[in-house]
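Remarks on the structure that follows.
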Amino acid sequence: MPAEPKDSQVSVRLPSDLKERMETYAELTGRTKSHVAMEALSEYLAWRVPQIEDLKQAIAAADRGEFATDAEVEATMSRFAPTPSATSRSRKGPTKATERTQPARGRASKRP
């Protein structure tokens, strides 16, 4: 039967404010500082490592000359561009809802 993996010890220097926040969190949750540090590092690395791997793959693809065509870029960007109705609405001024909740500029509010 293989031996169980052993935990490793790591020393880390922390700014005092971060250490205090870690201690506060540990006290509030009833966890040890080691558990809090392990949980935080695990969560951070769970998203950060794949992000860096994806970035390195994208750089390698760019170095190989694998770029999106102009048409592909335009198609993607058009999905995020504001629709004509959204832009025309923002140019017309306040909506009826904002007219009721916000006093007109330059006029005093009629509050008692």
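All of the numbers you see were taken from the coordinates with simple rules; none came from a lab. It should be emphasised that the depicted structure is a prediction, and the values quoted were computed from it without experimental measurement. Positions of Cβ are backbone-derived with ideal geometry, glycine not excepted, and every protein chain shown enters the neighbour counts.
Worth a mention:
- Search result, residues across the stretch 28-44 that are in a helix (DSSP H, G or I) and surrounded by 11 or more Cβ atoms within 10 Å (Cβ to Cβ): Thr29, Lys33, Ser34, His35, Val36, Ala37, Met38, Glu39, Ala40, Leu41
- Tally, over the stretch 60-70, of residues that are part of a helix (DSSP H, G or I) and surrounded by 10 or more Cβ atoms within 10 Å (Cβ to Cβ): 3
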